[in-house]
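The structure under discussion appears below in the form of structure tokens.
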6 protein chains.
Amino acid sequence: MTHSIDVAARAIAAAGTEIRTVSGAFGPLSIEGHFDEVIAAAAVVEQVRDARDWSPDGIVIACFGDPGLDGAREASDAPVLGIAEAAFHAASMVATGFSVVTTMSRTCIIAEHLVQRYGFGRACRGIHGTDIPVLELEDCNGETFEQMVQVAEQALERDRSGAIVLGCAGMASACQTMQQRLGVPVIDGVAAAVTFAQALATLKVGTSKRGDYARPLPKAYVGWRGWD
Amino acid sequence: MTHSIDVAARAIAAAGTEIRTVSGAFGPLSIEGHFDEVIAAAAVVEQVRDARDWSPDGIVIACFGDPGLDGAREASDAPVLGIAEAAFHAASMVATGFSVVTTMSRTCIIAEHLVQRYGFGRACRGIHGTDIPVLELEDCNGETFEQMVQVAEQALERDRSGAIVLGCAGMASACQTMQQRLGVPVIDGVAAAVTFAQALATLKVGTSKRGDYARPLPKAYVGWRGWD
Amino acid sequence: MTHSIDVAARAIAAAGTEIRTVSGAFGPLSIEGHFDEVIAAAAVVEQVRDARDWSPDGIVIACFGDPGLDGAREASDAPVLGIAEAAFHAASMVATGFSVVTTMSRTCIIAEHLVQRYGFGRACRGIHGTDIPVLELEDCNGETFEQMVQVAEQALERDRSGAIVLGCAGMASACQTMQQRLGVPVIDGVAAAVTFAQALATLKVGTSKRGDYARPLPKAYVGWRGWD
Amino acid sequence: MTHSIDVAARAIAAAGTEIRTVSGAFGPLSIEGHFDEVIAAAAVVEQVRDARDWSPDGIVIACFGDPGLDGAREASDAPVLGIAEAAFHAASMVATGFSVVTTMSRTCIIAEHLVQRYGFGRACRGIHGTDIPVLELEDCNGETFEQMVQVAEQALERDRSGAIVLGCAGMASACQTMQQRLGVPVIDGVAAAVTFAQALATLKVGTSKRGDYARPLPKAYVGWRGWD
Amino acid sequence: MTHSIDVAARAIAAAGTEIRTVSGAFGPLSIEGHFDEVIAAAAVVEQVRDARDWSPDGIVIACFGDPGLDGAREASDAPVLGIAEAAFHAASMVATGFSVVTTMSRTCIIAEHLVQRYGFGRACRGIHGTDIPVLELEDCNGETFEQMVQVAEQALERDRSGAIVLGCAGMASACQTMQQRLGVPVIDGVAAAVTFAQALATLKVGTSKRGDYARPLPKAYVGWRGWD
Amino acid sequence: MTHSIDVAARAIAAAGTEIRTVSGAFGPLSIEGHFDEVIAAAAVVEQVRDARDWSPDGIVIACFGDPGLDGAREASDAPVLGIAEAAFHAASMVATGFSVVTTMSRTCIIAEHLVQRYGFGRACRGIHGTDIPVLELEDCNGETFEQMVQVAEQALERDRSGAIVLGCAGMASACQTMQQRLGVPVIDGVAAAVTFAQALATLKVGTSKRGDYARPLPKAYVGWRGWD
């Protein structure tokens, strides 16, 4: 999974961009529920804390639930983008309404919470589970691909949508093929987040350090190295 | 802090109720930002996972940001209540509008996100930071108390509110005194959550195991013991 | 109807609690529309006015439309809970989304207005009429029960809900059986309201007397004894 | 009060229109809180029930809280308009944002609930209490008028509003003078409701009898003559 | 089209009202998309600018997308009403929920944007395209009429609506017949807007000239005569 | 104005990008109200129609009201971005809340409508007019700049915002200096829109041609060359 995300990021990044893909030091092999998400979020902010040592110009959280996004922004002066967030922004720029095609039905609620939180409640017209387990997406063969196409076509029809958002980092490799097949914009969040992070770097705009994204307060931690 | 929460919980629990107050195995000594919150959430779900061994009838997450609430509900058959959530519910039962008096201004946004997520956007008319650090609340002396009263009185006036929600578990001991002083209902989330958890136990209602709160899927974890 | 409500309330109340169940002095035998509701609301606030004589510690309005709730709160220093409100609160504590199973389809709009007013617009995913007349619920025999179960099962499926709220006081007796049958939390508002009223009494929190719930202004009434 | 409403209605009605102004058979002399409102609503639907005998072409509920509006619509085939509702509609047709100037501050919440319920949440930018008791409006002398003008001017400024809605039937007589004084549209709900009721009659559009506004179900009532 | 709008307006206007129906000097013969809409809006405000010469007491924009409404209000002291807006207001006065039956499915989004902007998001329960081209409505023969009736009947059922709004000025002539056929209020926006404009004229209320509807600032225009 | 927009766009575009800056063939010299906006929108879609001849990879509408955005998207296969939209997206990626500093107070409502329409209702915490006429921004001298800084500082304080959006294309040249002065991210929409358009081109994502953004229907136009 980490490898295919790395491939997707390198494929889209501007020439000369250095990409470093890191995995959390602890956590689940895939995120398919709230419990997994909470642990992954902690692993994410730990990586962001450690990234201070090499000062990236932008950070992408490559999981569709955007785990730990606010905490990561506190811990970073550079812009931080979640891939769900980035995909929603991109889709809303090219269609009045879009649909999300994701993995397990039980995780639809995570995407729904993000949609509401980010303000895409009207642009996002439906979130559809394929019930393909995340780890089966890694080798996205013909059958899995056809299943995704079918759910996407139904979503476009039922939701009157004009674009599809792929609701899992593991779907990145299928993006261009699916776009040709469906004839509508198909957005992969990994690629979207990388290009938007580069856009923000070009704009010389970092994460605001005024207000709730100011650096974490220095503080004693137990059993874990904190911010300091 | 853990001790004063324990005192507050025991003071309100029905006769015969066994209260166990546990701290996370890792994490910050206080939660004053998104970064702290993310780590605390992981520590919370770990405790809830381990609580399977002794099957509590109800679980209370005694931090006003309700860290890890959804993950904890996945991991528990018994009802799980956050203290922010419980306080909002209680306040909305006794006043048309309420105001929150909390600690650091920068954490107001965490409460605001919860308010929106839980649907209290109209009932909650204002969230006010006192900028008293969490750990100073432990010995809530006269000066600290007066500062809280002053912020609460201004909030009632400006927000046209009818009740006050205390936005930190550390404020629990001041609750009754403040209610007498202000002449309006003052809600401490720890007490509210304990009584509501008991109400749900009386109703024989547990956390739904259908849909997104179903038990976590069995899954390999790296560097941390997962659900299994 | 009044008798079965009394039974449901006594069954759930804490030991030593005195329960008094009163009917309005005037009004319809059942509430199945806006017109009935308006008259019932007046009968409710009259009872609450008269309850001053015996100072209850909490008041429950045992009709799913919560008729006269705001007026009753003005007229009471003790907490006042509607059973729709209480059921929504309880359901939102144990499931991300819930569905309401109620009586006549034409009264669904009353529940929908309450859902919006109370802020449960996202948590409540559907309101479903069984078109069983209210008074037929009194002897909730096998056939009526099966009809309710069927509507509830469809609601869980279509709405992707995790819990069921029973949308009529007359359904109280079926609650536990239905919960076992459906395998999800089933909430009866009468029981929920009684336990929450007790929770508020334990918290020593009454209806706010500041703002719009302050006692009614002394005032001349024609043809009806007013507040004084 | 009833007399001045009658005057306002006759002044605006089309030539040849018969106006009948009736008071409730029971209830408070003025409505200044939820309790009064609940009783007044019952008195209103009783009058609407009795109006079947003389089949009016339109009905106006001349109290700014629109008490009993839904119940009245069930009980009437002709259109029924509340004066708050009518005033909000009219104001939104001539200004992007409007402010409400009403009587007691404690009743602002009633107007706020209506604003939300009817969908004017963005158009209505503020609701301002003058704390003039309703019955003092009857002889709206110079001092009372100046007080209303002052609150209205502050409201226009603070809310960036373009129009004023008068939040009490008792303010009707001051409407034209205030409009000249303020230089912005000033809407009196009684006049607005009468003209809109006439517009609907011209359109040959009555209250829908499909769905929740269908006539009340025949039903036994206790202590009060029901619908039949 | 312009002729049939003229007929509809004259049929409903009060005796003695002078009706002038004008077409834009440029623009599409029908509006069936955003592109057409933008051009039509410019043609509308040009006509409103020129109408200053003959000072109408009220202006109706007789296209269901309400093109140029805000600009027209800036350019007019008299009230200006769009027919979509007027129809939504009227429908919400006689039914708790209504459905819109319009022409091309692709223009539903224009109506949806208006619904949200005007605050009818809860009252409007569905917008349904018949995919009848606008210009075919002119001779609304039996077949076209039956198609509209069928879509309307399905809409009432699926949306649980109590009234129908006709989503095109070209449907005006079918309004009364459809109302008889469906047995629910059917609203034609042209007629609704004319009666509401007359209501506002009766109320002596014009477009607010304070704030964003104040007359346009004097300003140099290139290639088009501006406001001056 | 057109020249300074051209400079801002070229400064931020990737190496090798060809920038063509065009003005409308007709319309106001500046946009300071709804009336100006409607005419400008028509001029915009005309330019987009004509741009088919040279097939740009992306189109930016460089006016903060995003005039004609939906119409332009219909008329273009390439992505189209408004500068208000782009600025809101960028700001929401680096701060929890942002404030807009714009020109005339009377145009704040235009920005407010966009904020609501695009879903930034919670992220955008305030829109503040400086009442500097648009054309005075062209030579943004010391005094004008100080005025903008002052309004921005007050906005950050009052709105508890973490970033500033510049609400006029004419403010572009001041962006970097203001960012240094204020110490928070300051977003110029022209630069934001250019970088986002490049991001979408990199993603190989164009405007959806399914649904309401499909190419305009072929159609007769009067007095203006239509789409064909």
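The values are calculated or read from the model by the stated rules, or taken from the named source; none is laboratory data. Not measured: the values here are computed from a predicted model. Quick reminder, even Gly has a Cβ in these numbers, built from the backbone with ideal geometry, and neighbours come from all protein chains shown.
Considering only residues that are over 17 Å from C:ALA75 (Cβ atoms), surrounded by 24 or more Cβ atoms within 10 Å (Cβ to Cβ) and either more than 7 Å from chain B (Cβ to nearest Cβ) or without any contact (Cβ under 8 Å) to a residue 60 or more places away in the chain (or both), which ones fall in the stretch C:194-212?
Matches in the stretch C:194-212: C:VAL194, C:ALA199, C:LEU203.
Exactly one condition in (1) among the hydroxyl-bearing types (Ser, Thr, Tyr); (2) more than 10 Å from chain B (Cβ to nearest Cβ); (3) crowded, with 21+ Cβ neighbours inside 10 Å is false for C:THR144; which is it?
Among (1) among the hydroxyl-bearing types (Ser, Thr, Tyr); (2) more than 10 Å from chain B (Cβ to nearest Cβ); (3) crowded, with 21+ Cβ neighbours inside 10 Å, the lone unmet condition for C:THR144 is (3).
Based on what the data block shows, is F:LEU217 over 22 Å from the mean Cα position of the chain (by Cα) and either surrounded by 24 or more Cβ atoms within 10 Å (Cβ to Cβ) or at the interface with another protein chain (Cβ under 7 Å from one of its Cβ atoms) (or both)?
Against the criterion (over 22 Å from the mean Cα position of the chain (by Cα) and either surrounded by 24 or more Cβ atoms within 10 Å (Cβ to Cβ) or at the interface with another protein chain (Cβ under 7 Å from one of its Cβ atoms) (or both)), F:LEU217 qualifies.
Which one is nearest to the chain's Cα centre (by Cα) among residues in the stretch F:146-173 that are hydrophobic (A, V, I, L, M, F, W, C) and farther than 15 Å from F:HIS128 by Cβ? Break it down into steps so the answer makes sense when it comes.
Here is the first cut: in the stretch F:146-173, the ones hydrophobic (A, V, I, L, M, F, W, C) are F:148-149, F:151-152, F:155-156, F:163-166, F:168-169, F:171-172.
Now narrow it down to the ones that are farther than 15 Å from F:HIS128 by Cβ: F:169, F:172.
Working: F:ALA169: 7, F:ALA172: 11 Å.
For the stretch F:146-173, the residue satisfying everything is F:ALA169.
Would you check if there is a residue in the stretch D:165-188 being hydrophobic (A, V, I, L, M, F, W, C), touching a Lys or Arg at 6+ places or on another chain (Cβ under 8 Å) and either surrounded by fewer than 24 Cβ atoms within 10 Å (Cβ to Cβ) or within 24 Å of E:ALA214 (Cα to Cα) (or both)? Don't jump to the end; show me each part of the working.
As a first pass, look at the stretch D:165-188 and keep what is hydrophobic (A, V, I, L, M, F, W, C): D:165-166, D:168-169, D:171-172, D:174-175, D:178, D:182, D:184, D:186-187.
This time we only want the ones that are touching a Lys or Arg at 6+ places or on another chain (Cβ under 8 Å), so: D:184.
Of the ones still in play, those that are also either surrounded by fewer than 24 Cβ atoms within 10 Å (Cβ to Cβ) or within 24 Å of E:ALA214 (Cα to Cα) (or both) are D:184.
The answer is yes; a qualifying residue exists.
Let me confirm something: among E:VAL94, E:VAL134, E:VAL165, E:VAL149, which residue is of a type in the set (A, V, I, L, M, F, W, C), farther than 15 Å from E:ALA192 by Cβ and at pLDDT 95 or above? Can you show your working first?
Values: E:VAL94 fails: farther than 15 Å from E:ALA192 by Cβ; E:VAL134 fails: at pLDDT 95 or above; E:VAL165 fails: farther than 15 Å from E:ALA192 by Cβ.
Of the residues listed, the single one that is of a type in the set (A, V, I, L, M, F, W, C), farther than 15 Å from E:ALA192 by Cβ and at pLDDT 95 or above is E:VAL149.
Let's see how each residue does on (1) among the hydroxyl-bearing types (Ser, Thr, Tyr); (2) not assigned by TED's automatic domain parsing to the domain that holds F:THR102:
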{"position": "F:ARG181", "(1), (2)": "no, no"}
{"position": "F:ALA197", "(1), (2)": "no, yes"}
{"position": "F:TYR213", "(1), (2)": "yes, yes"}
{"position": "F:LEU217", "(1), (2)": "no, yes"}
{"position": "F:ARG225", "(1), (2)": "no, yes"}
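Answer yes or no as to whether A:SER92 is within 11 Å of another protein chain (Cβ to nearest Cβ) and either touching a Cys at 6+ places or on another chain (Cβ under 9 Å) or hydroxyl-bearing (Ser, Thr, Tyr) (or both).
yes
Against the conditions (1) at pLDDT 95 or above; (2) facing chain D (nearest Cβ under 8 Å), where does C:THR21 fall short? Just the number, please.
That leaves (2) as the condition not met.
Considering each residue of the stretch E:31-47, count those that are buried (at least 23 other Cβ atoms within 10 Å of the Cβ) and touching a helix residue (DSSP H, G or I) at 6+ places or on another chain (Cβ under 7 Å), and give that number.
11
For the stretch C:29-45, give me the residue count where each residue is in contact (Cβ under 8 Å) with a residue 40 or more places away in the chain and farther than 20 Å from C:HIS3 by Cβ.
Within the stretch C:29-45, the first condition is being in contact (Cβ under 8 Å) with a residue 40 or more places away in the chain, and the residues that meet it are C:29-34, C:37.
From what is left, the residues that are farther than 20 Å from C:HIS3 by Cβ are C:33-34, C:37.
Residues in the stretch C:29-45 being in contact (Cβ under 8 Å) with a residue 40 or more places away in the chain and farther than 20 Å from C:HIS3 by Cβ: 3 in total.
From the list C:PRO79, C:PRO56, which residue is touching a Leu at 6+ places or on another chain (Cβ under 6 Å), modelled with pLDDT of 95 or more and away from chain D (no Cβ under 11 Å)?
Values: C:PRO56 fails: touching a Leu at 6+ places or on another chain (Cβ under 6 Å).
Answer to the check: C:PRO79.
Show me the helices (runs of 4 or more DSSP H) found entirely inside the stretch A:51-131 where at least 2 residues are in contact (Cβ under 8 Å) with a residue 24 or more places away in the chain and under 12 Å from the mean Cα position of the chain (by Cα).
Values: elements: A:69-74, A:83-94, A:108-118.
In the stretch A:51-131, the matching helices (runs of 4 or more DSSP H) lie at A:83-94, A:108-118.
Quick check on A:ILE110: is it among the β-branched types (Val, Ile, Thr) and in contact with a His (Cβ under 8 Å, 6 or more places away or on another chain)? Spell out the reasoning first.
On the way: among the β-branched types (Val, Ile, Thr): yes; in contact with a His (Cβ under 8 Å, 6 or more places away or on another chain): yes.
For A:ILE110, the condition - among the β-branched types (Val, Ile, Thr) and in contact with a His (Cβ under 8 Å, 6 or more places away or on another chain) - is met.
Check the stretch C:189-208 and report whether any residue there is under 30 Å from B:VAL190 (Cβ atoms) and basic (Lys, Arg). Lay out the reasoning, then the answer.
Residues of the stretch C:189-208 under 30 Å from B:VAL190 (Cβ atoms): C:189-208.
Narrowing the set further to residues that are basic (Lys, Arg) leaves C:204.
Yes, there is a match, as at least one residue in the stretch C:189-208 is under 30 Å from B:VAL190 (Cβ atoms) and basic (Lys, Arg).
Every residue, every condition in (1) assigned by TED's automatic domain parsing to the domain that holds A:GLY167; (2) buried (at least 19 other Cβ atoms within 10 Å of the Cβ); (3) among the charged types (D, E, K, R); (4) under 19 Å from A:ILE61 (Cβ atoms), yes or no:
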| position | (1), (2), (3), (4) |
| --- | --- |
| A:HIS89 | yes, yes, no, yes |
| A:GLY97 | yes, yes, no, no |
| A:VAL100 | yes, yes, no, yes |
| A:ARG122 | yes, no, yes, no |
| A:GLY129 | yes, no, no, no |
| A:VAL134 | yes, yes, no, yes |
| A:GLU153 | yes, no, yes, no |
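Are any of the residues in the stretch D:149-162 among the small types (Gly, Ala, Ser), touching a residue at least 60 places away in the same chain (Cβ under 8 Å) and within 12 Å of another protein chain (Cβ to nearest Cβ)?
If we filter the stretch D:149-162 for residues that are among the small types (Gly, Ala, Ser), which is where we start, we get D:152, D:155, D:161-162.
The next check asks that each one be touching a residue at least 60 places away in the same chain (Cβ under 8 Å); those that pass are D:161-162.
This time we only want the ones that are within 12 Å of another protein chain (Cβ to nearest Cβ), so: D:161-162.
Checking the stretch D:149-162: at least one residue is among the small types (Gly, Ala, Ser), touching a residue at least 60 places away in the same chain (Cβ under 8 Å) and within 12 Å of another protein chain (Cβ to nearest Cβ).
Just for the stretch B:1-25: of the residues that are free of Cβ contacts under 8 Å to residues at least 24 places away in the same chain and part of a helix (DSSP H, G or I), which one is surrounded by the fewest Cβ atoms within 10 Å (Cβ to Cβ)?
Out of the qualifying residues, it is B:HIS3.
Exactly one of these conditions fails for A:ARG117: (1) surrounded by fewer than 20 Cβ atoms within 10 Å (Cβ to Cβ); (2) touching a strand residue (DSSP E or B) at 6+ places or on another chain (Cβ under 7 Å); (3) within 12 Å of chain F (Cβ to nearest Cβ). Give me its number.
Single failed check for A:ARG117: (2).
Where residues in the stretch B:180-193 are among the β-branched types (Val, Ile, Thr) and under 14 Å from the mean Cα position of the chain (by Cα), which of them is farthest from the other protein chains (Cβ to nearest Cβ)? Spell out how you get there, then give the answer.
Going through the stretch B:180-193, the residues among the β-branched types (Val, Ile, Thr) turn out to be B:184, B:186-187, B:190.
Adding the requirement that they be under 14 Å from the mean Cα position of the chain (by Cα) leaves B:187, B:190.
Working: B:ILE187: 7, B:VAL190: 11 Å.
Among those residues, the one meeting the criterion is B:VAL190.
Note down all Cβ pairs under 6 Å where the first residue falls in the stretch C:168-179 and is within 14 Å of another protein chain (Cβ to nearest Cβ), the second is not hydrophobic (A, V, I, L, M, F, W, C), and they're at least six residues apart or on different chains.
C:ALA172/C:ASP188; C:CYS175/C:ASP188
Applying the selection to the stretch B:132-148, what residues are in contact (Cβ under 8 Å) with a residue 24 or more places away in the chain and of a type outside the set (D, E, K, R)?
Step one: of the stretch B:132-148, the residues in contact (Cβ under 8 Å) with a residue 24 or more places away in the chain are B:132-135, B:137-138, B:140, B:145, B:148.
B:ILE132, B:PRO133, B:VAL134, B:LEU135, B:LEU137, B:CYS140, B:PHE145, B:MET148 - these are the residues of the stretch B:132-148 that are in contact (Cβ under 8 Å) with a residue 24 or more places away in the chain and of a type outside the set (D, E, K, R).
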